[in-house]
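The values are calculated or read from the model by the stated rules, or taken from the named source; none is laboratory data. Small disclaimer: the values here were computed from a predicted structure and weren't measured. Cβ placement follows ideal geometry from the backbone for every residue including glycine, while neighbour counts extend to all protein chains displayed. What goes into the accessible areas is simple: the full protein's heavy atoms, side chains included, and nothing from ligands, DNA or RNA. Shrake-Rupley method; radii C 1.70, N 1.55, O 1.52, S 1.80 Å.
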Amino acid sequence: MLHSGSRLTGASNRSANRSCIPSNAQHLRPVRGAQQQQQARQAPLVAMATAVKELPTQPIEGQKTGTSGLRKKTNVFMGPNYLANWVQSLFNALGAEIKGKTLCLGGDGRYFGKEASQIIIKLAAGNGFSKVVVGQNAIMATPAMSALIRRKKHYGGIIMSASHNPGGPEGDFGIKFNYTSGEPAPESITDKIYGETQKVSTLKMADMPDVDLNKIGSSKFGDFELEVIDPVEDYMAQLKEVFDFEALKKFVARKDFKMIFDAMHAVTGPYATRILVQELGAPASTVKDGVSSPDFNGGHPDPNLTYAKELVDIMWGANAPTFGAASDGDGDRNMILGNGFFVTPSDSVAMIAANASCIPYFKGGLKGVARSMPTSAALDRVAKGLNLPYFETPTGWKFFCNLMDAGKCSICGEESFGTGGDHIREKDGLFAVLAWLSILAAKNANVPEGGKVVGVKDVALEHWNKFGRNFFSRYDYEEVATDAANKVMAQVADVISKSPKGTKMGDFTLDFADNFEYVDPIDGSKASKQGLRFVFTDGSRIIFRLSGTGSSGATIRMYIEQYSNDPAKYEEDAQKALAPIIKLALELSQLPQLTGRDKPTVIT
Ligand code: G16
């Protein structure tokens with residue numbers, strides 16, 4: 001139901017109410033002339049105009065964005081002015097350029113999202129946006145937001161999500177801003193926002209009622225327009241330009257092919273149902289846990305081997321489907337599985353790049369590829385093989401976006417279950433799923449139905465036989481006391497400072513060790529202290545960094561990589577193959593002693 005004072009409208013009456021949104025007015029109400037009142041009764045097109053309330057506020061400490069936006073416990077976000085302060089600071093940071101622009105809004109449907117939307121809409125209207133486009137029921141997957149901004153050329157968007165972190169009153173909430181090419185705000189903007197959070201003193205909120213986010217359509221509130229849209233439409237249109245839906249439909253119809261997609265009760269439920277079931281014709285049972293819930297049904301919507309255990313059990317069970325996949329809270333991460341087989345995200349992006357010709361969007365060839373520093377170098381091997389430029393960036397999708405905008409990168413990925421292309425400026429869970437479906441469809445094109453279907457493992461083995469295998473594993477130590485985590489990092493930094501080239505470490509010889517620094521090749525901006533790394537002469541690596549996406553305590557990430565071109569080893573379990581270098585990493589960091597943890601929370 002729309003609240004009183006607003007009307008669904010297909011037309012506008014801007015001039016009638018323009019003067020009613022003075023930026024410094026307090027609780028102003030428009031005085032409507034007789035003629036206007038008559039118009040409103042006859043044709044319900046004109047909404048009650050909106051004034052702006054200027055509410056005093058005070059800076060709140062610690063509103064610094066991490067790897068991807070601000071993430072905190074939900075009850076912190078629900079505290080007085082916590083959300084409003086950050087959003088107002090964002091608008092202050094963006095300055096005059098937002099006046100008269102359209103802001104997009106949506107999120108992963110987690111607890112507090114609907115209430116947060118009402119606050120954000122009022123702030124957007126109060127700060128001079130002329131329009132907010134919001135996903136129905138405040139839903140919008142992260143890649144869908146990027147697609148929407150790009151396709152409709154909107155100014156930018158706010159995503160309410162803490163990604164793969166659990167939701168609900170006891171869980172996490174989060175917020176981030178995506179800029180005009182659909183990319184996560186670069187550090188130049190996030191630094192500015194943080195600066196503004198330290199001095200914010202006034203919240204400019206439109207004096208308008210809460211809006212109905214359930215009903216698709218437009219409403220006017222004076223000069224300000226709110227449009228509620230179907231959150232799937234633009235995204236699906238985008239994917240249709242990337243993939244051959246007809247070919248995928250035929251492949252999915254094969255009786256000897258079965259797939260399962262675990263939406264983990266998160267945002268991709270409605271997206272996967274529309275795309276995989278309604279468009280591609282897969283049976284409804286293909287989408288597991290497709291009903292989104294504000295607390296992800298009490299789960300941890302992180303598509304990895306630990307938190308997507310139900311899917312893992314299915315894929316390792318009797319009669320497992322050929323292909324399995326999962327996505328996270330906001331739909332940008334993905335995990336790819338075959339029958340009893342896990343594809344590391346580092347391998348997945350390399351395999352997609354190597355098989356890019358199976359995807360119509362990449363038919364003209366790739367411009368280049370990129371990976372985050374901790375991601376294995378499997379992608380580099382593909383790039384070398386295909387004679388493509390390749391880039392190594394810090395962790396954080398935002399670092400890929402300049403490369404894509406400059407036409408230097410077509411496919412990129414991260415070990416943290418992120419894979420994407422330059423069709424949008426976010427990592428894209430369903431893109432990865434459709435990319436793998438496209439590869440499987442192409443590899444099975446000449447396999448008669450009932451013959452031996454080429455599966456995910458077959459694709460991986462073919463790849464390793466061509467490029468060799470980069471064994472990779474990540475150990476996560478979640479919610480470690482900040483102090484202990486800092487001690488581990490200090491210990492590793494100390495070892496680095498004492499380890500010149502040629503130092504022997506276990507069976508390995510050090511090539512170099514450093515704290516990764518990145519200079520953006522497009523704009524020259526510098527990102528320092530992006531991860532402590534040991535790189536050995538055989539290309540093996542040990543990397544330590546602290547996660548920038550947690551909401552409490554610290555998460556230590558330890559990344560291990562070792563290359564092999566011995567075909568006899570390709571099917572070996574990664575933990576077994578990497579055991580000596582994992583042991584070395586634990587020894588040199590003294591992680592178990594300094595944290596009291598004898599094992600990680602998650603192993604990838
Ligand atoms: C975010 C970023 C990714 C990053 C990941 C992990 O993903 O968008 O680029 O790789 O965090 O970061 P960290 O290791 O600092 O926790 P998401 O899916 O959480 O938005």
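Decide, for segment 63-140, between rounded, prolate and oblate: order the square roots of the alpha carbon gyration tensor eigenvalues as a ≥ b ≥ c, take rounded if a/c falls under 1.5, and otherwise choose prolate if a/b is larger than b/c, else oblate. Each step should come with its number before you reach the end.
Values: a/c = 1.75, a/b = 1.24, b/c = 1.41.
Oblate is the answer for segment 63-140, as a/c is 1.5 or above yet b/c matches or exceeds a/b.
Order 200-207, 394-401, 524-531 from most to least packed using the mean count of other Cβ atoms within 10 Å. Let's see the in-between values first.
Details: 200-207: 20.1, 394-401: 25.1, 524-531: 13.6.
Ranked by mean Cβ neighbours within 10 Å, highest first: 394-401, 200-207, 524-531.
Looking at the square roots a ≥ b ≥ c of the eigenvalues of the Cα gyration tensor of segment 233-300, which shape do they give, rounded for a/c under 1.5, prolate if a/b is larger than b/c, or oblate? Walk me through the numbers on the way to the answer.
Numbers: a/c = 3.07, a/b = 1.48, b/c = 2.08.
Oblate shape, in that a/c is at least 1.5 and b/c is the bigger or equal ratio.
Subtract the Cα-Cα distance of S528 and D256 from 0.36 nm times their separation in residues, and report this length gain in nm to one decimal.
Working: separation 272, 0.36 × 272 = 97.92 nm, distance 5.03 nm.
Result: 92.9 nm gained on full extension.
For the chain, what does -39500 (n - 2.57) per DSSP helix run (n ≥ 4), summed and divided by total residues, give at 222 nm, in deg cm²/dmol to the nearest 500?
Working: 20 runs with 186 residues, N = 604.
Result for the chain, helices only: -9000 deg cm²/dmol.
Multiply the residue gap between T57 and N75 by 0.36 nm, knock off their C-alpha separation, and tell me the result in nm, one decimal place. The partial results should precede the final answer.
Working: separation 18, 0.36 × 18 = 6.48 nm, distance 1.86 nm.
In short, 4.6 nm is gained.
Tell me, what is the FRET efficiency for S285 and T306 to the nearest 0.05, using R0 = 30 angstrom and their Cβ-Cβ distance as r?
Details: r = 24 Å, r/R0 = 0.81.
Rounded to the nearest 0.05, the efficiency is 0.80.
Report for segment 299-393 the percent antiparallel among DSSP-assigned beta bridges with both residues inside it, nearest 5.
On the way: 8 of 12 bridges.
For segment 299-393, the DSSP antiparallel bridge percentage is about 65.
Skip the ligands, DNA and RNA, and give the accessible area per residue of segment 395-525 with a 1.4 Å probe, whole Å². Working shown, then result.
Values: 4750 Å² over 131 residues.
That works out to 36 Å² per residue.
Applying 1/(1 + (r/R0)^6) with R0 = 35 Å to the Cβ-Cβ distance of A445 and A579, what FRET efficiency is obtained, to the nearest 0.05? Could the numbers behind the result be given before it?
Values: r = 40 Å, r/R0 = 1.14.
FRET efficiency, A445 to A579: 0.30.
Hey, what's segment 134-203 come to in accessible area per residue, 1.4 Å probe, Å²? Please list the in-between numbers first.
Values: 2120 Å² over 70 residues.
Accessible area per residue: 30 Å².
Pairs K101/K215; K526/K599; K398/K501; K427/K526; K192/K398: which are spaced more than 26 Å apart, C-alpha to C-alpha? Numbers along the way, then the final one.
Details: K101/K215 23 Å; K526/K599 35 Å; K398/K501 32 Å; K427/K526 22 Å; K192/K398 16 Å.
Exceeds cut-off: K526/K599; K398/K501.
With +1 on each Lys and Arg Cβ and -1 on each Asp and Glu Cβ, how big is the dipole of segment 201-358 about its Cα centre, in debye rounded to the nearest 20? Could you put the intermediate results ahead of the total?
On the way: 13 positive and 24 negative charges, 151 e Å.
Dipole of segment 201-358, to the nearest 20 debye: 720 debye.
To check you understand DSSP bridge types, tell me what percent of the beta bridges within the chain (both residues inside) are antiparallel, rounded to 5. Could the numbers behind the result be given before it?
Numbers: 66 of 94 bridges.
So the antiparallel bridges amount to about 70 percent of the total.
If contacts are Cα pairs under 8 angstrom and at least 6 residues apart, what is the relative contact order of segment 366-483 in percent?
Numbers: 128 pairs, mean separation 26.1, N = 118.
Once divided by the residue count of segment 366-483, the mean separation gives 22 percent.
Would you work out if segment 270-322 is rounded, prolate or oblate? Take a ≥ b ≥ c from the square roots of the eigenvalues of the alpha-carbon gyration tensor; rounded if a/c is under 1.5, else prolate when a/b is larger than b/c, oblate otherwise. Before the final figure, lay out each step's value.
Numbers: a/c = 2.55, a/b = 1.11, b/c = 2.30.
Taking the square roots of the gyration eigenvalues as a ≥ b ≥ c, segment 270-322 is oblate.
Using the alpha-carbon centroid of each, what span in Å lies between segment 451-467 and segment 471-494?
Using only Cα atoms to place each centre, the spacing works out to 35 Å.
Need the list of lysines near K498 for cross-linking: C-alpha distance under 21 angstrom, and skip anything on the same chain fewer than eight residues off.
K487, K529, K583
For segment 104-138 and segment 580-604, what is the separation of their Cα centres, given in Å?
43
Using a 1.4 angstrom probe on heavy atoms only, work out the carbon and sulfur share of the accessible area of the chain in %.
For the chain, the apolar C and S fraction of the accessible surface comes to 50 percent.
Tell me, in nm to one decimal, what length is gained between E97 and N387 on full extension, where the rule is 0.36 nm per residue of separation less the Cα-Cα distance? Write down the numbers at each step before the final one.
Values: separation 290, 0.36 × 290 = 104.40 nm, distance 4.14 nm.
Extra length available between E97 and N387 comes to 100.3 nm.
What ranking do 76-83, 516-523 get when scored by the average of other Cβ atoms within 10 Å per residue, highest first?
Highest-to-lowest ranking by the protection proxy: 76-83, 516-523.
What relative contact order, as a whole-number percentage, does segment 299-390 give when Cα pairs under 8 Å and 6 or more residues apart are counted?
On the way: 110 pairs, mean separation 17.5, N = 92.
Relative contact order, segment 299-390: 19 percent.
Relative contact order for segment 181-306: what is it in percent, counting Cα pairs under 8 Å that are at least 6 residues apart? Please report the intermediate quantities before stating the final value.
Working: 100 pairs, mean separation 21.8, N = 126.
Once divided by the residue count of segment 181-306, the mean separation gives 17 percent.
How many nm is it between the label spots at E233 and T503, if each spot is 7 Å from the Cα in line with the beta carbon?
5.9
Calculate the spin-label point distance for K363 paired with A568, positioning each point 7 Å from the Cα along the beta-carbon direction, and give it in nanometres.
4.5
Under a point spin-label approximation (7 Å from Cα along Cα-to-Cβ), what is the R151-A490 distance to one decimal in nm?
Between R151 and A490, the label points sit 5.2 nm apart.
Cβ under 10 Å from L510's Cβ, L510 left aside: what net charge do those residues give with Lys, Arg +1 and Asp, Glu -1? Before the final figure, lay out each step's value.
Details: positive: K501, K504; negative: D511.
Local net charge: +1.
Skipping prolines and chain starts, which residues have an amide H placed within reach, meaning under 5 Å, of the one on A326, given they are 5 or more residues away or on another chain?
D262, M335
Please give the peptides 456-462, 101-107, 153-159 ranked by average Cβ packing (other Cβ atoms within 10 Å per residue), highest first, as a rough proxy for protection.
Numbers: 456-462: 19.4, 101-107: 25.3, 153-159: 21.6.
So the peptides 456-462, 101-107, 153-159, ranked by packing, come out 101-107, 153-159, 456-462.
Could you tell me the center-to-center distance, by alpha carbons, between segment 362-411 and segment 271-344 in angstrom?
Their Cα centres are 26 Å away from one another.
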